[in-house]
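Colleague: I am attaching a structure below and will ask some questions about it afterwards.
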Ligand code: THG
């Protein structure tokens with residue numbers, strides 16, 4: 001037997017087991033009560049069910065631990081470690097008879113996370129930590145998170161696994177009819193948030209029927225650098241004579257699974273209603289065909305799927321051909337009202353700044369709350385929480401690694417960290433954070449000696465940062481280079497180098513670029529005039545994402561015109577939609 005379930009990936013399609021709950025019903029065990037306690041009262045039935053799935057061809061069985069958290073076990077007379085240990089023991093013993101694996105199977109806590117409910121991130125983390133510590137101790141082979149409805153709870157659960165055991169982690173979420181998780185995440189957002197957090201496979205289970213999952217599975221496959229898992233229900237249950245009968249038969253199930261296997265999924269199984277007969281039929285077709293998930297060139301897949309993207313809890317912003325605007329207004333520099341709001345904890349003022357920028361079209365919001373006399377860390381977390389339902393991905397702007405770590409941890413999404421620079425000290429502080437939380441990072445082309453004078457030196461620093469990031473396992477698609485704009489007031493001579501550095505860094509390293517455009521006008525009159533002109537110059541040099549004030553219409557004019565002229569706004573569709581009603585012009589030609 002291979003040592004780890006992950007050793008199977010790429011060599012064979014991993015076959016999961018089917019449903020435990022529906023099988024227990026077949027054994028005459030009534031719904032109600034805690035199924036987890038059957039590990040004590042009916043161990044032979046549990047093992048019998050495992051054996052049926054293993055005989056059908058499952059590569060692992062899921063321990064009877066799905067709901068075994070401290071909330072659900074509160075009045076059961078058992079502790080979490082007792083239940084976990086007994087359940088893992090049964091799963092391991094039976095899997096061992098067949099040389100197969102036992103998963104520590106974990107579902108959602110059953111509580112809503114803050115701010116919708118009262119479960120804090122730390123509490124969710126602790127709930128999973130307790131189960132995972134016991135499961136690892138009992139000898140589970142890997143952790144399988146299933147049926148999650150909230151990507152934020154999944155983030156807490158994944159961190160609990162990564163920080164408390166060395167086991168492989170598979171993540172599976174559940175979608176509703178509208179193609180989103182209950183708390184709003186779409187498939188691209190799920191993939192983007194989870195795939196750089198060090199998990200081993202990701203996918204979906206439950207809720208929809210197999211046919212309804214095909215489209216979502218293809219979305220997962222389009223974005224995921226990791227193996228994709230699919231475990232559908234056998235459709236939806238009809239209650240017939242008090243028994244739940246699932247409405248998708250074996251042939252229909254296998255046909256849908258076949259299509260997803262041919263599209264590239266790597267882990268296949270079933271959820272509610274899939275009995276050992278379903279799994280046997282699935283295993284039978286798997287033995288017959290060479291699927292794309294077999295023998296993939298992992299490096300090639302990573303390269304092909306590399307995409308610069310950040311996410312809020314519901315929305316993913318991709319850095320592609322189009323210009324992405326990063327709103328700069330949540331930054332106390334030069335803003336008396338914002339300073340007052342931060343000191344007075346007037347979060348509704350700050351929220352209004354976020355909503356205003358989002359409405360104006362900002363794709364991402366920079367959040368900087370650094371001021372003397374306030375606790376930057378607490379304020380950062382509070383502001384992030386208060387603006388989380390604005391649904392625009394956030395950029396954490398701080399020079400304090402402790403603030404950055406806390407923000408990256410508690411953010412409900414995949415943020416940009418602003419920033420790292422080329423000094424050893426900065427990289428050693430920031431890259432472990434970016435790595436653990438899967439964040440993107442802005443790389444400033446400066447180091448402990450400041451901003452270099454020559455373009456060559458800026459390139460050298462960018463190269464050094466990218467190389468070091470890659471050594472940490474942070475792909476260059478997660479690095480955004482910032483060539484740094486200084487002010488035209490007294491530092492005028494540096495501006496040409498900034499533009500040329502943008503051009504060359506994009507060319508040489510193929511990374512996306514950001515720039516704090518408004519810096520150029522500090523201390524100068526008519527700031528917007530300089531800002532918008534430098535914005536146009538920087539866009540022409542290849543800037544992908546300006547950090548600007550999105551409430552200034554002139555900046556949008558420059559961006560819309562640039563995108564039309566630079567063939568990014570194809571057929572000038574947006575430009576004509578926005579400005580077409582304003583003037584009729586006749587071509588002179
Ligand atoms: N690179 C990166 N991050 C950055 C910068 C950068 N973050 C901070 C800054 N530079 C970008 N953000 C701002 C925010 C505000 C202003 C300029 C840049 C600014 N504020 C006005 C002032 O100070 O007078 C106030 C404007 C108002 O009242 O609305 O100019 O370069 N990675």
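The values are calculated or read from the model by the stated rules, or taken from the named source; none is laboratory data. All figures in this text were calculated on a predicted structure; none of them were measured in a lab. Here the Cβ is made from the backbone with ideal geometry for all residues, glycine too, and neighbour counts use every protein chain on show.
Colleague: Look through segment 96-121, keep the residues that are in contact (Cβ under 8 Å) with a residue 24 or more places away in the chain and in a helix (DSSP H, G or I), and return whichever of them is farthest from residue 8 (Cα to Cα).
Modeller: Restricting to residues being in contact (Cβ under 8 Å) with a residue 24 or more places away in the chain and in a helix (DSSP H, G or I), the top hit is 121.
Colleague: Then there's this: Determine, yes or no, whether residue 496 is out of contact with any strand residue (DSSP E or B) (no Cβ under 8 Å at 6 or more places or on another chain), within 16 Å of the ligand (Cβ to nearest atom) and without any contact (Cβ under 8 Å) to a residue 24 or more places away in the chain.
Modeller: Taking the combined requirement at face value, the residue does not satisfy it.
Colleague: Let me ask something else about it. Where in segment 181-246 are there strands (runs of 3 or more DSSP E), lying fully within it, with 1 or more residues that are buried (at least 21 other Cβ atoms within 10 Å of the Cβ)?
Modeller: 201-206, 228-232, 243-246
Colleague: Given the conditions (1) over 30 Å from residue 470 (Cβ atoms); (2) touching a residue at least 40 places away in the same chain (Cβ under 8 Å); (3) within 14 Å of the ligand (Cβ to nearest atom); (4) within 31 Å of the chain's Cα centre (by Cα), report the number of the one that residue 534 does not fulfil.
Modeller: Result: residue 534 fails condition (4) only.
Colleague: Going by the conditions given, is residue 93 under 25 Å from residue 38 (Cβ atoms), in a helix (DSSP H, G or I), at pLDDT 95 or above and out of contact with any strand residue (DSSP E or B) (no Cβ under 6 Å at 6 or more places or on another chain)?
Modeller: yes
Colleague: Can I ask one more? Specify which of the listed residues (551, 539) is over 28 Å from the mean Cα position of the chain (by Cα), crowded, with 21+ Cβ neighbours inside 10 Å and either under 25 Å from residue 353 (Cα atoms) or in contact (Cβ under 8 Å) with a residue 60 or more places away in the chain (or both).
Modeller: One residue alone meets the criteria, 539.
Colleague: Output the number of the condition that residue 558 fails; it satisfies all remaining conditions of (1) crowded, with 19+ Cβ neighbours inside 10 Å; (2) within 14 Å of the ligand (Cβ to nearest atom); (3) farther than 30 Å from residue 196 by Cβ.
Modeller: (2)
Colleague: Only one of (1) over 31 Å from the mean Cα position of the chain (by Cα); (2) crowded, with 20+ Cβ neighbours inside 10 Å; (3) more than 30 Å from residue 460 (Cβ to Cβ) fails for residue 569. Which number is that?
Modeller: (1)
Colleague: Under the condition of being in contact with a helix residue (DSSP H, G or I) (Cβ under 7 Å, 6 or more places away or on another chain) and within 14 Å of the ligand (Cβ to nearest atom), which residue from segment 440-457 is nearest to residue 121 (Cα to Cα)?
Modeller: 440
Colleague: Still on this structure, please answer the following. Would you point out which residue out of 544, 549, 571 is more than 16 Å from the ligand (Cβ to nearest atom) and modelled with pLDDT of 95 or more?
Modeller: The conditions single out 571.
Colleague: I want to confirm something. Restricting to segment 20-39 and keeping residues that are surrounded by fewer than 20 Cβ atoms within 10 Å (Cβ to Cβ) and in a loop (DSSP other than H, G, I, E, B), which single residue is modelled with the lowest pLDDT?
Modeller: Within segment 20-39, the match that is modelled with the lowest pLDDT is 31.
Colleague: If I ask for residues that are under 23 Å from residue 7 (Cβ atoms), in a strand (DSSP E or B) and either free of Cβ contacts under 8 Å to residues at least 60 places away in the same chain or in contact with a helix residue (DSSP H, G or I) (Cβ under 7 Å, 6 or more places away or on another chain) (or both), which ones from segment 155-180 would you list?
Modeller: Within segment 155-180, 169, 171, 172 qualify.
Colleague: Do we have any residue at all in segment 346-358 that's in a helix (DSSP H, G or I), within 23 Å of residue 122 (Cα to Cα), in contact (Cβ under 8 Å) with a residue 24 or more places away in the chain and away from the ligand (no atom under 14 Å from the Cβ)?
Modeller: Within segment 346-358, one or more residues are in a helix (DSSP H, G or I), within 23 Å of residue 122 (Cα to Cα), in contact (Cβ under 8 Å) with a residue 24 or more places away in the chain and away from the ligand (no atom under 14 Å from the Cβ).
Colleague: Of the residues 314, 308, 274, which single one is farther than 30 Å from residue 479 by Cβ and surrounded by 14 or more Cβ atoms within 10 Å (Cβ to Cβ)?
Modeller: 274
Colleague: Taking helices (runs of 4 or more DSSP H) that fall entirely within segment 400-503, which contain at least 2 residues that are under 21 Å from the mean Cα position of the chain (by Cα), surrounded by fewer than 24 Cβ atoms within 10 Å (Cβ to Cβ) and at pLDDT 95 or above?
Modeller: Answer list for segment 400-503: 401-410, 424-437, 455-471.
Colleague: Six or more apart or on different chains, Cβ under 8 Å: which pairs go from a residue in segment 361-374 that's closer than 12 Å to residue 338 by Cβ to one that's away from the ligand (no atom under 12 Å from the Cβ) and in a strand (DSSP E or B)? Could you list them?
Modeller: 367/394
Colleague: Same structure, new question: Of all residues in segment 504-524, how many are more than 32 Å from the chain's Cα centre (by Cα), near the ligand (Cβ under 8 Å from one of its atoms) and surrounded by 21 or more Cβ atoms within 10 Å (Cβ to Cβ)?
Modeller: Total satisfying the criteria: 1.
Colleague: Consider residue 327 carefully, then state whether it is within 15 Å of the ligand (Cβ to nearest atom), surrounded by 15 or more Cβ atoms within 10 Å (Cβ to Cβ), at pLDDT 95 or above and not in a strand (DSSP E or B).
Modeller: Against the criterion (within 15 Å of the ligand (Cβ to nearest atom), surrounded by 15 or more Cβ atoms within 10 Å (Cβ to Cβ), at pLDDT 95 or above and not in a strand (DSSP E or B)), residue 327 does not qualify.
Colleague: While we're here: Give the residues of segment 360-382 that are within 15 Å of the ligand (Cβ to nearest atom) and not in a loop (DSSP other than H, G, I, E, B), sorted by residue number.
Modeller: Within segment 360-382, 360, 364, 365, 366, 367, 376, 380 meet the criteria.
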